[in-house]
Amino acid sequence: MDKISLAGDLGSGKSTVAKILIDALGAEYYSTGSIVRGIAERMGMTIGELNVYMESHPEIDIEIDNGIAALSDDPRMLIIDSRMAWHFTKGTFKVYLSTDVETASVRIMHANRTGEHVATLEETIECTKGRRESEKKRYFAQYGVDITDLSNYSLVVDTTYAKPDEVADVILSCFDKWREDNSLTFCYLSPERLNFISGEYDADKLAEYSSALDRGEQIPPVKVFETDGEFYIEEGTELVFAHTFNFSTYVPAVLVKGEIGEREYIKMKNSL
């Protein structure tokens, strides 16, 4: 049966969304995160300390990754919460949950998992960034893959401002389409998450797209690129404003290559 692999930013809500998907699909749950937390507790380390330790002790990753590779032949419907299942488990619908680091750190603190946060929000943000960089370094060194390269995934969905059931609804909808055509890819981002260049939009196009949404019609996806966890509009600012005025939870997007260069961007949420 088809399987869904859930990767994503720390604190992006993978375990919460996984529970909803399990109930909706009658699936079973497999989490490498709980395995890693158990190892850290046994070794008397925080998660951050264990990540650094694993950079020079690849045998831990190898054991974990051999386990998720073996799931390729498992006949069960599975929701696999794992950084590397998209790479090792064959035939999965590869989902990446994205969230901004501040929101992620607040969630990590509220979850109160042993060894995953420190005393203040600022310290937790730095700890979260450090853990992510350690994981990126480790997996690239061991397997030659960049876990933050969003082109690895079938679906990228933002969890920063959406409710868990809204995130799950997007995953289930895209999963159904993917089952019909495994070549399809999807990206759904919260309008507030996007960065745009002030003044660079066409008022007539904005009015056209807003009217189309009011009539319940679909409009084209916005083109965006990602750099260091931030999303920037490459083309289609009018589309994002139209969705914002329509109170849309998500903006359908297409990920493209781009760079900030000399351009000055403004965070969408700061301009609303």
Among the residues in the stretch 208-222, are any within 16 Å of the chain's Cα centre (by Cα) and crowded, with 16+ Cβ neighbours inside 10 Å?
no
Note on the stretch 132-154: residues in contact with a Phe, Trp or Tyr (Cβ under 9 Å, 6 or more places away or on another chain), in a loop (DSSP other than H, G, I, E, B) and not polar (S, T, N, Q) are V145, D146, I147, Y153
Failed item, numbered, when K177 is tested on (1) more than 15 Å from the chain's Cα centre (by Cα); (2) crowded, with 21+ Cβ neighbours inside 10 Å
(2)
The residue from S154, S105 that alone is surrounded by 20 or more Cβ atoms within 10 Å (Cβ to Cβ), under 27 Å from G26 (Cβ atoms) and touching a residue at least 12 places away in the same chain (Cβ under 8 Å) is S154
Would you tally the residues in the stretch 155-201 being farther than 17 Å from V251 by Cβ and not in a helix (DSSP H, G or I)?
6
Looking at T159, is it in contact with a helix residue (DSSP H, G or I) (Cβ under 6 Å, 6 or more places away or on another chain), buried (at least 21 other Cβ atoms within 10 Å of the Cβ) and at pLDDT 95 or above?
yes
If we scan the stretch 109-125, do we find a residue that is in a helix (DSSP H, G or I), in the same structural domain as F175 (by TED's automatic domain parsing), under 16 Å from the mean Cα position of the chain (by Cα) and not aromatic (F, W, Y)?
no
Within the stretch 110-144, the residues that are surrounded by 15 or more Cβ atoms within 10 Å (Cβ to Cβ), aliphatic (A, V, I, L, M) and modelled with pLDDT of 85 or more are I125
Of (1) at negative phi; (2) not in a helix (DSSP H, G or I), G11 satisfies every one except (1)
Test set (1) surrounded by fewer than 21 Cβ atoms within 10 Å (Cβ to Cβ); (2) closer than 15 Å to S12 by Cα; (3) of a type in the set (D, E) - D74 fails condition number
(2)
Do the conditions hold for I233, that is, is it touching a Phe, Trp or Tyr at 6+ places or on another chain (Cβ under 7 Å), of a type in the set (A, V, I, L, M) and surrounded by fewer than 17 Cβ atoms within 10 Å (Cβ to Cβ)?
no
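Yes/no per residue for (1) outside the structural domain of S12 (by TED's automatic domain parsing); (2) under 30 Å from K19 (Cα atoms):
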{"position": "V167", "(1), (2)": "no, yes"}
{"position": "C174", "(1), (2)": "no, yes"}
{"position": "I219", "(1), (2)": "yes, no"}
{"position": "E226", "(1), (2)": "yes, yes"}
{"position": "G229", "(1), (2)": "yes, yes"}
{"position": "G258", "(1), (2)": "yes, no"}
What is the one condition in (1) modelled with pLDDT of 95 or more; (2) over 27 Å from I171 (Cβ atoms); (3) among the hydrophobic types (A, V, I, L, M, F, W, C) that V251 does not satisfy?
(2)
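The values are calculated or read from the model by the stated rules, or taken from the named source; none is laboratory data. Only a predicted model underlies this, so the values are computations on that prediction, with no experimental measurement involved. Here Cβ is always computed from backbone atoms with ideal geometry, including for glycine, and neighbour counts include all displayed protein chains.
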